[in-house]
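Structure first, commentary second.
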Amino acid sequence: MANETATWSVGVEYAALSDIGLRRLNNQDAVRAVIAPNEQQWRARGHLFIVADGMGAHAAGELASKMAVDIIAHEYLKQLDQSPPLALREAFEEANRRIHAHGQDNLEFRGMGTTASALVLLPEGALIAHVGDSRVYRLRENQLEQLTFDHSLVWELMHSGDMRPQEVPEFVPKNIITRSLGPNAQVRVDLEGPFPVRENDAFILCSDGLSGPLSDAEIGILAAYLPPSEAAQALIDWANLHGGPDNISVIVARATRAMNAPVGAASLHLPPPPSNAAGTTSRQPTIAIFWGGALLLLLLAGMLGVAGLMVPAAAAAVLALVDAVVALLMMATRGAAGRGASTDVQRFGKGPYRSLVVEPTPDLIQRLAQTVHELREAGLEGQWNLDWDRFDRLEHSAADAVRMQRFDQAVRDYAHAMSFMMDQVRRNAPKKKASDPST
């Protein structure tokens, strides 16, 4: 055991942060990181990272996300007799059952729910389970890949109609998710991977408080040129400087060694789900609700039209169409127990779902430079008491790096200047300070 301790290398460096944002009164996100304490535990269960984004009135969303990360971590780590994919899926299903039960037993928490995305770094590679639209990315050299499929109305429409994002009709709400933990008694959990992990691969888990305000290119550029602790903070800072409309959570984990045992290892076997598994019978009540809602809204639209109230009638008709589209999408995917899940080969899902080359383009550099300039103007106007010499050095160093076409250094210097200034803001507003709730 002493020799194992001496030679054991965790193999990953990470940062996990959650921030309330600028417009919310409470933080309904939760993050969790559980690092294997020794090689034996890592080979059995790997390193676990979870991001959850709660929803519900009052404290319901906050409780739902906390329950999700706590239950998923506990249930996954204790099921040592199960393979990692099965243990991870069952951990999500148990979290769903308990969140749903809590909502049913307490009127003030009725309908509580949360997204959840979990990444496990195992000897065989990176394994992912997720429900909702909290994302997992992999950054390999200059290639950023989204490994999860957003369970949202927009993404389901794109998938079913082979549409690009700009082709989705404007009236389709962008914040409607089609799957979450808690609202229904059963849930369909997607598994992805295992994805081979090379040394220096970085994984980014985030809530839509990050992926909404920031583009994939903006997320990728900061993760590419900053170590995890600096990248996580800079990402939150930049999202807040884009308005911070929601809670913001992010985990950045960078592999310090390869994890790429042959895919198909017995430890990643997943037996077929039972005939009454989530994803077969559990979808029926949800589909019925949407069809019923569409019918009622159509009837309401007709009544309003007869009464001459054309604007409300049109609004009701649009909502009826949205309900009908959701119901059709659910029917189209009714038979699947998991997007791309397979029992004869040890490869789950169809990810990556999106990919782009991350590079410090003039446009990205200009956006960072403009952000830093606006922070300077705000600081001068507000007469902030801070180390202006340090800020000036960072800003001037970034500008010099741009002139010398050392764009990687320019990104780092602008990001450091931005985070330095935002730290001054947090010092004046301690309630907004990000915390690291990882374990």
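The values are calculated or read from the model by the stated rules, or taken from the named source; none is laboratory data. Everything numeric in this text was worked out from a predicted model, so none of it was measured. Don't worry about glycine lacking a Cβ; one is built from the backbone with ideal geometry, like all the others, and counts go over all protein chains shown.
Which of the residues spanning the stretch 235-245 are surrounded by fewer than 23 Cβ atoms within 10 Å (Cβ to Cβ) and either among the aromatic types (Phe, Trp, Tyr) or not in a helix (DSSP H, G or I) (or both)?
Selection gives 242, 243, 244, 245.
Give me the pairs: first residue in the stretch 58-73 and in contact (Cβ under 8 Å) with a residue 24 or more places away in the chain and in the same structural domain as residue 101 (by TED's automatic domain parsing), second residue surrounded by fewer than 24 Cβ atoms within 10 Å (Cβ to Cβ) and hydroxyl-bearing (Ser, Thr, Tyr), beta-carbon distance under 8 Å, and six or more apart or on different chains, which are they?
Sorted first by the residue in the stretch 58-73, then by its partner, the pairs are 73/439.
Considering every residue within the stretch 168-180, establish whether at least one is in a helix (DSSP H, G or I) and either at pLDDT below 95 or buried (at least 22 other Cβ atoms within 10 Å of the Cβ) (or both).
no
Looking at (1) assigned to a strand (DSSP E or B); (2) among the hydrophobic types (A, V, I, L, M, F, W, C); (3) within 19 Å of residue 28 (Cβ to Cβ), which is the one condition that is false for residue 126?
Failing condition for residue 126: (3).
I'd like the full set of residues that are aliphatic (A, V, I, L, M), assigned to a helix (DSSP H, G or I) and either under 14 Å from residue 145 (Cα atoms) or touching a Pro at 6+ places or on another chain (Cβ under 8 Å) (or both), limited to the stretch 181-234.
217, 219, 221, 223, 224
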